[in-house]
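Below is one structure, written out as structure tokens, with a few remarks after it.
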There are 6 protein chains.
Amino acid sequence: MSLTVYRKAHFNAAHRLFREDWSDEKNKEVFGKCSNPNYHGHNYELIVGLTGKVDPETGYLIDLKILKNVIKDEVEDPFDHKNLNKEVPEFKNLNPTLENIAIVIWNKLRARLDSKFGISVELYETPRNFVIYNGES
Amino acid sequence: MSLTVYRKAHFNAAHRLFREDWSDEKNKEVFGKCSNPNYHGHNYELIVGLTGKVDPETGYLIDLKILKNVIKDEVEDPFDHKNLNKEVPEFKNLNPTLENIAIVIWNKLRARLDSKFGISVELYETPRNFVIYNGES
Amino acid sequence: MSLTVYRKAHFNAAHRLFREDWSDEKNKEVFGKCSNPNYHGHNYELIVGLTGKVDPETGYLIDLKILKNVIKDEVEDPFDHKNLNKEVPEFKNLNPTLENIAIVIWNKLRARLDSKFGISVELYETPRNFVIYNGES
Amino acid sequence: MSLTVYRKAHFNAAHRLFREDWSDEKNKEVFGKCSNPNYHGHNYELIVGLTGKVDPETGYLIDLKILKNVIKDEVEDPFDHKNLNKEVPEFKNLNPTLENIAIVIWNKLRARLDSKFGISVELYETPRNFVIYNGES
Amino acid sequence: MSLTVYRKAHFNAAHRLFREDWSDEKNKEVFGKCSNPNYHGHNYELIVGLTGKVDPETGYLIDLKILKNVIKDEVEDPFDHKNLNKEVPEFKNLNPTLENIAIVIWNKLRARLDSKFGISVELYETPRNFVIYNGES
Amino acid sequence: MSLTVYRKAHFNAAHRLFREDWSDEKNKEVFGKCSNPNYHGHNYELIVGLTGKVDPETGYLIDLKILKNVIKDEVEDPFDHKNLNKEVPEFKNLNPTLENIAIVIWNKLRARLDSKFGISVELYETPRNFVIYNGES
């Protein structure tokens, strides 16, 4: 009897799409206005899902306070009100596209959460653009 | 050619997280303020999905009025404006966590809806906490 | 140059519509299923507005952290996960209708916030029913 | 490493549920007020998902501007502010139910998008009724 | 002590922007694709506000069931799943723009609701376009 | 007969709260993490309202395409995907708080729109923090 529990969170950040090993022209050609050297920013909305079995004793899959705190430690505290390119180590050499941010978040959560749970990460960059990543191989 | 049709519904209810066979201290330790003996409450938002084949004659998977009425009979009428712990028989001996409420709803719908349809239940307790259950074994 | 700043908050609570000086029949006749003696509940969404002049030095009407903390002290801490009828003193002898809850919140905020600000309280009981109160005489 | 990128779009249209080979009575009996011969209409909200591998060079699954333009060409331009029954060739002999509209959209997108991507179509006819179709056989 | 109570409702309808006394060219020039002779349609979201004094006996401004039923009688039943131009008498000789629909709704509600209440009508034609009308002279 | 028409728009931008004539310590003390020298960012949601009389000939207060284009010229094009502090001239010597951004937008729109219309600007910095400014003296 498998079920998924979801928790929403959010963070605000600046970023630019950019590869250091490309010329400015190439960055602009591929990433357009998202490559603005002065940065732009977003309100990122995050929905984390944990899939597993409900504990028959508590009726909980997991105490959502635990999940909330892990999201705070791993995502909100290090990402919120930050410049992703300059201040978040994972993006030192990784282009902070929506796709890559979701994968980084998934990996950080995977390292902290019990391996008995499947994890899904849904991340909105704007109300119209979002991704879902669940680490499937 | 498989497709899923969804219908949203909602109900308002009071509940508390609580196991009768535990002491008040243990209930409070495990369930925190959700265990308040005077109850608290929520606007539950429910999204029911039915998966199956589209009828080539009507272009419908199911007439949504049928699904709407089944949700009304099985969920809205018995749960809305109720105290889940005291007035809904399914929670007489079952802790009304978000997980357990979703499973109860799924079981009630499964008993009423044609077995040719797969069923998914998405249930929001707050705008930030929700579950999805689709009865997979 | 007058402007209004808004901050959203929320709390979950149980309540029933009920006057102690009325018979059960009268309560049921007037308040219907909202008068259920076992209580029901809601996710209340609250939007507080402060109207005033922008401080030319900071560019703030008010530091929103201050407003956020006042709302936490006066509304979220005393109302969240509570039974409004039994646990919130303001409703000891006051029927906790949506209208009365909004007026109580407005009065509590008025007593805490600088009199140079106008205050508005928008309160949602469900996504379809809400009130706005701004204390105008 | 598989991931899904989503893009929202919308269009407004008139339609009626109707089979030309049925009598008016039969159409009315089966489709109720949705069969009104004078048409009614909706704001259709569309969410298209593409599933595939992230390009390690760009960090993109696909440049969302490409997906946005394909949706504009295949869905928004031919469907927006149109009468689906009378002006959209795909519904000349196909009842424009929510299910059939989603399948038509999926087929049009499938013909335009690289076969390395899986496609999902989520379509809202009202805030309470929607379908998801991903072409699984 | 004045307060406003709001109730949301909705209806789906087809319409076209059109003046019979103008040529087709002029209609198309002024109203663009909104003038399509085959009609298009919308999900109209409606928020009705009533302003007045709270009854100290009940704690209600008005029993929202009354307001809900008046909206059903005056707006939802006559407008839902209809062609506004052809089936709603008020638009026989009145162009069904968002502005005019809101004014027609306000007038219909004004005729039914107690004159002690102020009335406001907020009407969404799409999630991005809406009007507010409160009958002020 | 006065009515207000609203149009929603949005832009994404980076900014920091900062006064050049203050020390870094003072900026940090007053503006907290919003003063991060590396910037952070938001999805700004904007709702512009125009108040006036409905033209009896067209049934329009204004053709919304005109308003949409003015918002594009005055707000979306100069602000979207920009660093407000470094790239938007109005904030060269003005702290880009939510309040000041709303006032700048109002002034830009006032200069472009017919003086017969009243203007209101509602601006969301996050889903929980927003302002309304309508230029009242």
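The values are calculated or read from the model by the stated rules, or taken from the named source; none is laboratory data. From a predicted model like this one, the values you see are computed outputs, not experimental measurements. Cβ atoms come from the backbone with ideal geometry, glycine included; neighbour counts cover every protein chain shown.
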request  = Just name the residue that is surrounded by the most Cβ atoms within 10 Å (Cβ to Cβ) out of those in region B:1-26 that are more than 19 Å from residue B:75 (Cβ to Cβ) and small (Gly, Ala, Ser).
outcome  = B:2
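The rows are residues; the columns are (1) acidic (Asp, Glu); (2) at negative phi; (3) free of Cβ contacts under 8 Å to residues at least 24 places away in the same chain.
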{"position": "B:90", "(1), (2), (3)": "yes, yes, yes"}
{"position": "B:94", "(1), (2), (3)": "no, yes, yes"}
{"position": "B:121", "(1), (2), (3)": "no, yes, no"}
{"position": "B:126", "(1), (2), (3)": "no, yes, no"}
{"position": "B:130", "(1), (2), (3)": "no, yes, no"}
{"position": "B:136", "(1), (2), (3)": "yes, yes, yes"}
inquiry  = Condition first: without any contact (Cβ under 8 Å) to a residue 12 or more places away in the chain, within 9 Å of chain C (Cβ to nearest Cβ) and of a type in the set (D, E, K, R). Now tell me which residues in region B:26-52 satisfy that.
reply    = B:33
query = If a residue has to be more than 14 Å from chain E (Cβ to nearest Cβ), in contact with a Pro (Cβ under 8 Å, 6 or more places away or on another chain) and of a type in the set (Lys, Arg) to count, how many in region D:1-25 make the cut?
reply = 0
ask   = Picking from D:49, D:59, which residue would you name as being at pLDDT 95 or above and either among the hydroxyl-bearing types (Ser, Thr, Tyr) or not in a strand (DSSP E or B) (or both)?
value = D:59
ask   = So which residues in region C:33-53 are surrounded by 22 or more Cβ atoms within 10 Å (Cβ to Cβ) and over 23 Å from residue C:12 (Cα atoms)?
value = C:50
note = Per the list (1) in contact with a strand residue (DSSP E or B) (Cβ under 7 Å, 6 or more places away or on another chain); (2) in a helix (DSSP H, G or I), residue check on residue B:74 breaks on (1)
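Given the residues D:67, D:61, D:98, D:50, which is the only one that is touching an Asp or Glu at 6+ places or on another chain (Cβ under 6 Å) and under 29 Å from residue A:100 (Cα atoms)?
D:61
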request  = Filter region A:77-134 for residues that are under 24 Å from residue A:5 (Cα atoms), within 14 Å of chain F (Cβ to nearest Cβ) and either part of a loop (DSSP other than H, G, I, E, B) or of a type in the set (A, V, I, L, M) (or both) and give the result.
outcome  = A:80, A:98, A:101, A:123, A:127, A:128
inquiry  = If residue E:66 satisfies all but one of (1) under 20 Å from residue F:62 (Cα atoms); (2) assigned to a helix (DSSP H, G or I), what's the number of the condition it fails?
reply    = (1)
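Quick check on region E:97-119: of everything there that is buried (at least 17 other Cβ atoms within 10 Å of the Cβ) and over 10 Å from the mean Cα position of the chain (by Cα), which residue is nearest to residue E:14 (Cα to Cα)?
Across region E:97-119, the extreme among qualifying residues is E:97.
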task = Only residues in region E:53-65 that are facing another protein chain (nearest Cβ under 8 Å) and under 11 Å from residue C:131 (Cβ atoms) count as the first member; pair them with residues that are acidic (Asp, Glu) and in a helix (DSSP H, G or I), Cβ under 8 angstrom, at least 6 apart or cross-chain, and list the lot.
result = E:54/C:99; E:60/C:99; E:61/C:99
